[in-house]
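Asker: Please find one structure pasted underneath; my questions will follow.
The values are calculated or read from the model by the stated rules, or taken from the named source; none is laboratory data. Treat the numbers as computed from the prediction; the structure is a model and nothing was measured. Methodologically, a virtual Cβ is constructed for each residue, glycine included, from the backbone with ideal geometry; neighbour enumeration extends over all protein chains shown.
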Amino acid sequence: MRNLNTRVTALESMTPTEDQGRPFLWTQGRPLADALADAGLTLDDKPLFAIRLEGVRPGDEEPRVDPIYERDKHLVD
């Protein structure tokens with residue numbers, strides 16, 4: 001997990017390029033507004049680059065569709 005945290009921190013601190021967008025961490029089941037706020041961003045900071053983390057929840061055999069992500073993913077385009 002430490003390696004992941006280091007990589008995410010490095011990605012979030014990158015200077016964005018025109019085609020890349022501003023990177024931010026967006027985890028499964030987390031509202032987009034909260035993810036952006038934690039990174040100090042808003043939808044006005046487009047283009048945005050979501051670093052999306054998926055995982056298997058306890059009791060699940062494989063990742064399931066995340067309804068929060070499916071609802072909000074069009075906002076970062």
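Asker: Hey, can you tell me all the residues within region 57-77 that are farther than 15 Å from residue 28 by Cα and either touching a residue at least 12 places away in the same chain (Cβ under 8 Å) or touching a helix residue (DSSP H, G or I) at 6+ places or on another chain (Cβ under 7 Å) (or both)?
Answerer: Across region 57-77, the qualifying residues are 75, 76.
Asker: Does residue 38 satisfy the criteria of being within 19 Å of residue 76 (Cβ to Cβ), modelled with pLDDT of 85 or more and not hydrophobic (A, V, I, L, M, F, W, C)?
Answerer: Here the answer is yes, as residue 38 does meet what is asked.
Asker: Every residue in region 24-53 that is surrounded by 14 or more Cβ atoms within 10 Å (Cβ to Cβ) and in a loop (DSSP other than H, G, I, E, B), please.
Answerer: Within region 24-53, 28, 30, 39, 41 meet the criteria.
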